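Visitor: Below: one structure in structure tokens.
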Amino acid sequence: MKTLEKLYTIIDLLEEIGELRLHEIADSLRLNKSTVYRFLSSLLEHGYLKKDEETSRYSLGLRFINLAESIADRLDLRTIVHPHLVDLEKVAGETIHLTVFDGKTVVYIDKVERNKPVVMYSKIGNIAPIYCTAAGKAVLAYQSDEQIAELLEGTELKQYTENTITNKDLLLEELERIRKDGFAVDNEEYERNICCIASPIWHHNGKVNAAISISAVRSRKDLESLLQYRYYIKEKSEVISKELGYKGTGRR
């Protein structure tokens, strides 16, 4: 095994396992202890590893975390996601959105739509409620229990249509369903005659701060018709999440 390959395998192993002692690393990779020790010492010296002196376990250091954050900050979410929005539009033939969570609401930051007799009201930069839009609920469902409680405590569940969920207990049940199914729906809850399905996007840090959605005018496609694309949009959200560096399973 070449020198750099040995170094990368040590880093990959620590990323996967978390914390290991010298002999555990050497045994796992079938490498000489003295060789592993030299690599660990060099990585430790430059801040890429840290060592617990009590347990003698090594783990990835802050230098790696800082590098990951720096790379993630430079990623343009729209650049990564846009080709997938185009793919979704080709399959569904409807309006596709990318939205991000601003802490209280969701904001439309990208949109793909072919010319149709009736077009969506939505524009890039528009803000929408988090509790009665598919994209908003797709994001809300994957926040921590504490954050959900805080958001609902400070949010008036305004009734936009007769289908808007304004009961917090019913909304919590809806969020649980979303976590189980992996997608959210808006059955004319925010706007009459508009139906949507959405799936969350996970970032490298395991947080959900964005979602992709398919929206349609009900006279063209009702919710039942949109649901035929649920597996496709879930698959797309998983692909996007992986491209953003997420390595989890998409569950809380």
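Visitor: Once whole DSSP H runs in the chain are found, which of them have Cα atoms spread over 30 Å or more along the helix axis and a mean Kyte-Doolittle score of at least 1.6?
Guide: None clear 30 Å together with a mean of 1.6.
Visitor: Got a sec? Charge dipole of the chain, +1 on Cβ for Lys and Arg, -1 for Asp and Glu; which of Thr79, Val208, Thr133 is way out at the positive end?
Guide: Thr79
Visitor: Non-local amide H neighbours of Asp110 (under 5 Å, H modeled in plane, Pro and chain starts lacking H): which ones?
Guide: Long-range HN contacts for Asp110: Leu98.
Visitor: Right, something else. Just how large is the dipole of the chain about the Cα centre, in debye to the nearest 20, putting +1 at every Lys and Arg Cβ and -1 at every Asp and Glu Cβ?
Guide: Approximately 780 debye in magnitude.
Visitor: Determine, from the Cβ-Cβ distance of Glu150 and Leu170 and an R0 of 22 Å, the FRET efficiency 1/(1 + (r/R0)^6), rounded to the nearest 0.05.
Guide: Result of the calculation: an efficiency of 0.70.
Visitor: Work out the charge dipole of the chain with +1 on the Cβ of Lys and Arg and -1 on the Cβ of Asp and Glu about the Cα centre, then indicate which of Ser219, Tyr231, Val185 is farthest towards its positive end.
Guide: Comparing the listed Cα positions along the dipole, Tyr231 ranks first.
Visitor: So which residue, out of Pro83, Pro200, Pro129, gets the largest mean-square fluctuation from a GNM of the chain using Cα contacts under 10 Å as springs?
Guide: In this elastic network of the chain, the residue with the biggest mean-square fluctuation among Pro83, Pro200, Pro129 is Pro83.
Visitor: Pairs of Cα atoms under 8 Å, at least six residues apart: use those to get the relative contact order of the range 3-70, whole percent.
Guide: 31 percent
Visitor: So which trypsin sites (Lys or Arg not before Pro) in the range 19-51 are both in a DSSP loop and have at most 16 other Cβ atoms within 10 Å of their Cβ?
Guide: For trypsin sites (Lys or Arg not before Pro) across the range 19-51 that sit outside H, G, I, E and B with at most 16 neighbouring Cβ atoms in 10 Å, the list reads Arg21, Arg30.
Visitor: Computed from these coordinates, which is Kirkwood radius over Cα pairs in Å: (i) 20.3; (ii) 18.8; (iii) 18.0?
Guide: (i)
Visitor: Would you list which lysines come within 21 Å of Lys247, measuring only between C-alpha atoms, while excluding same-chain residues fewer than 8 positions from it?
Guide: Here the lysines satisfying the reach criterion relative to Lys247 are Lys180, Lys207, Lys234, Lys236.
Visitor: Follow-up. With contacts defined as alpha carbon pairs under 8 Å and 6 or more residues apart, what's the relative contact order of the chain in percent? Spell out each step's value before the answer.
Guide: Values: 395 pairs, mean separation 37.4, N = 252.
Over the chain, the number comes to 15 percent.
Visitor: Compute the FRET efficiency between Glu15 and Glu54 as 1/(1 + (r/R0)^6), taking r as their Cβ-Cβ distance and R0 = 22 Å, and round to the nearest 0.05.
Guide: Efficiency for this residue pair is about 0.50.
Visitor: Enumerate the calculated ³J(HN,Hα) couplings along the range 208-224 in order (Karplus 6.51 cos²θ - 1.76 cosθ + 1.60, θ = phi - 60°), each rounded to whole Hz, writing x wherever the residue is Gly or Pro.
Guide: Result, rounded to whole Hz: 10, 10, 7, 8, 10, 9, 10, 10, 8, 6, 4, 5, 9, 8, 7, 4, 4.
Visitor: So, one more: Along Cα→Cβ, 7 Å out, is where each label goes; now give me the distance between the ones at Leu157 and Ser28 in nm to one decimal.
Guide: In this crude spin-label approximation the distance works out to 4.5 nm.
Visitor: Now for a separate question. Restricting things to Cα coordinates, could you compute the convex hull volume per residue of the range 121-249 in Å³? It would help to have the intermediate numbers written out before the result.
Guide: Values: hull volume 14.5 nm³, N = 129.
Per residue, the Cα convex hull of the range 121-249 comes to 113 Å³.
All of the numbers you see were taken from the coordinates with simple rules; none came from a lab. Keep in mind it's a predicted model, so treat the numbers as computed, not measured. Note that we place each Cβ from the backbone using ideal geometry, even for glycine, and neighbour counts take in every protein chain shown.
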